[in-house]
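Reviewing the structure listed below.
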Amino acid sequence: MKRSMLLAAVACSALVLSAAPAKSDPAAKAPKPVKTAAMAEAGKTIRIATDNTDLILKVGDNGRVYQTYFGPKLRHESDIALPGLNQYGSTDGALSARGWEAYATAGNEAFFEPALGIVHADGNMSTYLYYTGSTTEAVPGGTHTRVMLKDDTYPVNVTLNYVAYPKENVFKTWTEISHSEKKPISLWQYASGMLYFSDPEYWLTEFSGDWAFEAQMSSQPLKFGKKIVETKLGSRANMYASPFFEVGIGGPVKEHSGEVLLGTIGWTGNWRFTFEVDNAGYLRVIPSINPYASNYQLKANETFTTPEFIFTLSYDGASQGSRNLHNWARRYSLKDGMGDRMTLLNNWENTYFDFDQDKLGALMHEARHLGVDMFLLDDGWFGNKYPRKDDHAGLGDWEVTHNKIPGGIKALTDSAKVAGVKFGIWIEPEMVNPKSELYEKHPDWVIEQPNRETYYYRNQLVLDLSNPQVQDYVFGIVDKILSENPDVAYFKWDCNSPITNVYSPYCKDKQGNLYVDHVRGVYNVLKRIQEKYPDHPMMLCSGGGGRSDYEALKYFTEFWCSDNTDPVTRAYIQWGFSQIFPAKAMAAHVTSWNKNTSVKFRTDMASMCRLGFDIGLKELSPDEIEYCREAVANWKRLTPAIMDGQQYRLISPYETNHMAVEYVADGADKAVLFGYDLTPKFGEKLPFVKLQGLDPDKRYRLEEINLMPGTKSKFPENGKTFTGDYLMKQGVDLFTRGTNVSRVIELSAVN
Ligand code: DGJ
């Protein structure tokens with residue numbers, strides 16, 4: 001059946017339904033004032049635009065609000081008011097009511113997945129939202145549009161928020177829900193927003209995995225029905241799936257061509273993405289907090305604010321979409337997005353729990369010798385009654401273990417000063433070991449079943465951050481360390497357990513609020529820290545990369561991508577995370593994972609992100625140490641490209657046995673090209689690597705850097721000069737037939 005005929009059939013069946021006899025008083029069925037006022041606004045359009053994309057909403061003749069367009073920017077103002085695909089908002093009523101409602105609600109004639117589901121105080125399960133007004137205001141970098149909606153029968157208000165960032169071509173949307181019913185209402189679905197597409201094909205790329213295997217990309221076509229990607233882990237929420245996706249519009253996602261939607265939700269707890277293809281072949285994308293076990297009791301006059309859903313449409317493949325997000329994140333979202341990042345030496349994999357004050361002092365000198373900015377002390381420095389000598393005890397008791405570090409944190413910051421490096425420290429403040437003084441004193445501060453056997457994940461439990469007293473305690477951990485030791489320059493904030501044994505003594509009869517209010521409690525703590533210590537850098541870690549979302553990253557300068565630092569697996573992990581996050585937000589360390597690879601290969605892989613080390617220098621030869629020192633110096637010199645420039649993913653490890661990524665500094669006078677041979681096959685053809693983002697009319701000198709002492713470059717174009725045009729059209733001979741070989745090429749514009 002042709003699409004137009006199909007639509008007519010849909011309209012017809014809806015009309016038949018609406019002709020069913022009324023069962024109750026016809027007067028009660030007359031349009032209410034909210035609806036009549038909204039209908040008077042029929043035809044009003046709301047344009048939410050960036051430099052290259054339009055999202056257009058329109059008030060239908062029925063007074064409800066519909067998405068009429070989302071795609072490349074419309075050239076002619078006159079086209080904005082056109083009805084839009086499928087005639088949403090037409091006088092036909094039935095058809096308009098079954099259109100692409102901007103925030104579809106449950107209990108009405110829309111038979112597919114809604115954005116909002118409410119059980120009202122009287123048990124009624126339907127919600128109809130009518131337009132009551134809209135506003136726009138300038139915010140840093142963009143424009144904030146609010147669309148106000150109201151139910152005509154129940155005192156429920158909903159505000160749809162959209163911020164458009166024109167230059168970056170990024171949008172974010174979130175929703176506020178409130179009411180003044182006599183008793184609490186129950187929210188069983190509360191999405192951040194909704195988007196619709198009408199194209200012949202849709203291809204989802206999702207990022208799933210596990211510990212040490214994060215953000216692995218896989219693609220599948222979206223056909224009729226629903227595809228859900230979600231987490232139910234509560235706190236270490238992203239262990240199995242990352243809160244972001246790509247949808248290829250019209251075909252599979254490609255790196256450098258085609259239309260792609262990239263989206264991510266800023267929520268450090270249970271989230272859910274629903275992709276639903278309906279009977280007409282239309283796709284709706286619904287990003288949301290996962291309502292799993294979370295029917296939320298909302299009191300009158302309280303506002304439920306959903307997380308932000310951040311998205312961009314690229315017309316030149318995923319790579320451009322990623323750059324949109326990277327630029328947006330650095331400018332408007334990531335903590336200290338425009339600031340510098342510190343290179344560091346971490347002691348976790350080098351010592352695990354086996355260290356003391358003197359050993360740490362010696363490591364600080366190693367940090368200095370490497371040329372990094374900071375020494376980062378990891379897990380195992382706290383607990384006295386139950387010392388943290390392994391992961392069975394001590395979490396919660398944030399006092400230095402006296403017989404391990406007799407001089408306290410002060411002795412460590414003093415040693416760091418002597419060594420000439422900054423000092424950072426690890427905490428895991430949302431957790432408790434049952435073997436701790438904290439648990440003995442406050443068992444009611446813990447998420448744990450009162451009447452069932454307890455299940456332990458990594459021998460620990462999650463503190464109940466929905467409880468304001470617990471929030472105070474967690475804030476106090478950071479506050480005490482910083483107020484007593486102002487020289488502590490950095491935190492690594494870990495979170496190793498999902499929420500287990502789900503029950504909150506604090507939430508009492510509102511257990512459905514726990515998953516949501518717990519995350520809000522975490523944010524309350526982070527906000528207080530941010531307010532009191534606004535310039536303090538922190539790394540977000542969660543048993544590797546179990547937390548990676550843009551709401552948390554308002555409070556963290558970077559996140560730990562994975563405990564897996566084997567450079568071969570890292571290629572895939574970093575490629576995955578880079579789809580959404582700038583290199584500046586991604587921490588990568590050189591360790592002894594996969595000793596079959598050279599220290600150079602490991603370091604070159606880590607140099608694509610915020611560089612650090614987690615390795616003892618005693619493991620390294622003098623040449624390797626010399627190499628690392630130079631690599632650190634090179635990395636620092638090249639931060640305008642690697643940290644602050646534009647990233648071009650050129651050759652994918654998912655599609656070839658190689659990887660090439662290029663970073664171009666603003667102004668295109670400097671660029672860095674990283675090339676890696678993973679496991680080339682005998683006789684395979686080596687692709688030439690065409691660069692991107694250079695100035696075609698500038699000439700660039702190419703120089704291989706990060707060479708092991710005593711070795712000479714075999715890069716064929718080393719030392720030669722080419723125009724940007726040639727490099728982007730012809731490319732360079734970057735790859736080799738070796739296994740686990742890397743090359744780092746610096747490009748400098750010459751006169
Ligand atoms: C998990 C982190 O990912 C590691 O880097 C390390 O900090 C350990 N936790 C410490 O327990």
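Miscellaneous remarks
- Test result for E255, acidic (D, E) and assigned to a strand (DSSP E or B): no
- F556 vs. criteria assigned to a loop (DSSP other than H, G, I, E, B), modelled with pLDDT of 95 or more and at negative phi: yes
- Which listed residue is assigned to a helix (DSSP H, G or I), closer than 30 Å to Y456 by Cβ and either within 15 Å of the ligand (Cβ to nearest atom) or in contact with a Pro (Cβ under 7 Å, 6 or more places away or on another chain) (or both), from D391, D444: D444
- The condition (being charged (D, E, K, R), buried (at least 20 other Cβ atoms within 10 Å of the Cβ) and touching a residue at least 60 places away in the same chain (Cβ under 8 Å)) is satisfied by just one residue among E276, E308, E302: E308.
- Within region 323-350, the set of residues being polar (S, T, N, Q), more than 16 Å from the ligand (Cβ to nearest atom) and within 21 Å of G612 (Cβ to Cβ) comprises T343 only.
- Residues (of a type in the set (G, A, S) and either surrounded by 23 or more Cβ atoms within 10 Å (Cβ to Cβ) or at pLDDT below 95 (or both)) located in region 279-299: A280, G281, S288
- Within region 575-681, strands (runs of 3 or more DSSP E) holding 2 or more residues that are charged (D, E, K, R): 670-677
- Selection of region 561-578 for residues being within 16 Å of the ligand (Cβ to nearest atom) and either in contact with a helix residue (DSSP H, G or I) (Cβ under 8 Å, 6 or more places away or on another chain) or of a type in the set (V, I, T) (or both) yields C561, S562, N564, T565, T569, R570, I573, Q574.
- Within region 415-442, tally of residues that are acidic (D, E) and free of Cβ contacts under 8 Å to residues at least 40 places away in the same chain: 1
- Some residue of region 718-733 being touching a residue at least 12 places away in the same chain (Cβ under 8 Å), more than 18 Å from L638 (Cβ to Cβ), part of a strand (DSSP E or B) and aromatic (F, W, Y): yes
- Failed criterion for A411 (all others in (1) within 16 Å of the ligand (Cβ to nearest atom); (2) not in a loop (DSSP other than H, G, I, E, B) hold): (1)
- Restricting region 540-560 to residues that are crowded, with 24+ Cβ neighbours inside 10 Å and within 10 Å of the ligand (Cβ to nearest atom) leaves a set whose member that is farthest from I615 (Cα to Cα) is G546.
- Qualifying residue in region 415-425 (condition: assigned to a strand (DSSP E or B), of a type in the set (A, V, I, L, M) and away from the ligand (no atom under 16 Å from the Cβ)): no
- L461 vs. criteria within 16 Å of the ligand (Cβ to nearest atom), surrounded by 19 or more Cβ atoms within 10 Å (Cβ to Cβ), on the phi < 0 side of the Ramachandran plot and aliphatic (A, V, I, L, M): yes
- Just one residue in the set D340, D414 is closer than 22 Å to E558 by Cα and among the acidic types (D, E); that residue is D340.
- Any hit, region 257-269, residues being β-branched (V, I, T) and either modelled with pLDDT under 95 or closer than 20 Å to G512 by Cα (or both): yes
- Any hit, region 351-361, residues being over 24 Å from D479 (Cα atoms), among the acidic types (D, E) and within 16 Å of the ligand (Cβ to nearest atom): yes
- Entry remark, region 315-359: residues being within 16 Å of M538 (Cα to Cα) and not small (G, A, S) number 12 in total.
- Within region 227-244, the set of residues being surrounded by 14 or more Cβ atoms within 10 Å (Cβ to Cβ) and within 24 Å of V277 (Cα to Cα) comprises K227, V229, E230, T231, K232, A241, S242, P243, F244.
- Residue, nearest to F688 (Cα to Cα), within region 621-638, restricted to residues that are within 27 Å of the chain's Cα centre (by Cα) and surrounded by fewer than 21 Cβ atoms within 10 Å (Cβ to Cβ): L638
- S134 being assigned to a loop (DSSP other than H, G, I, E, B), more than 16 Å from S288 (Cβ to Cβ) and among the polar types (S, T, N, Q): no
- Considering residues of region 510-539 that are surrounded by 18 or more Cβ atoms within 10 Å (Cβ to Cβ) and farther than 23 Å from K299 by Cβ only, the residue nearest to the ligand (Cβ to nearest atom): M539
- Of all residues in region 688-700, those satisfying the criterion of being under 15 Å from L734 (Cα atoms) and either part of a loop (DSSP other than H, G, I, E, B) or more than 35 Å from the chain's Cα centre (by Cα) (or both) are F688, K690, L691, Q692.
- The one condition in (1) among the aliphatic types (A, V, I, L, M); (2) surrounded by fewer than 23 Cβ atoms within 10 Å (Cβ to Cβ); (3) more than 26 Å from I265 (Cα to Cα) that V478 fails to fulfil: (2)
- Of residues in region 486-509 being part of a loop (DSSP other than H, G, I, E, B) and either modelled with pLDDT under 95 or within 25 Å of R610 (Cβ to Cβ) (or both), the one farthest from the ligand (Cβ to nearest atom): P486
- Given (1) more than 22 Å from N157 (Cβ to Cβ); (2) assigned to a loop (DSSP other than H, G, I, E, B); (3) modelled with pLDDT of 95 or more, index of the condition F112 fails: (3)
- T274 being in a strand (DSSP E or B) and more than 22 Å from F581 (Cβ to Cβ): yes
The values are calculated or read from the model by the stated rules, or taken from the named source; none is laboratory data. Predicted model only: the values in this text are computed from it and were never measured. Reconstructed Cβ throughout: ideal geometry from the backbone, glycine too, with neighbour counts over all protein chains shown.
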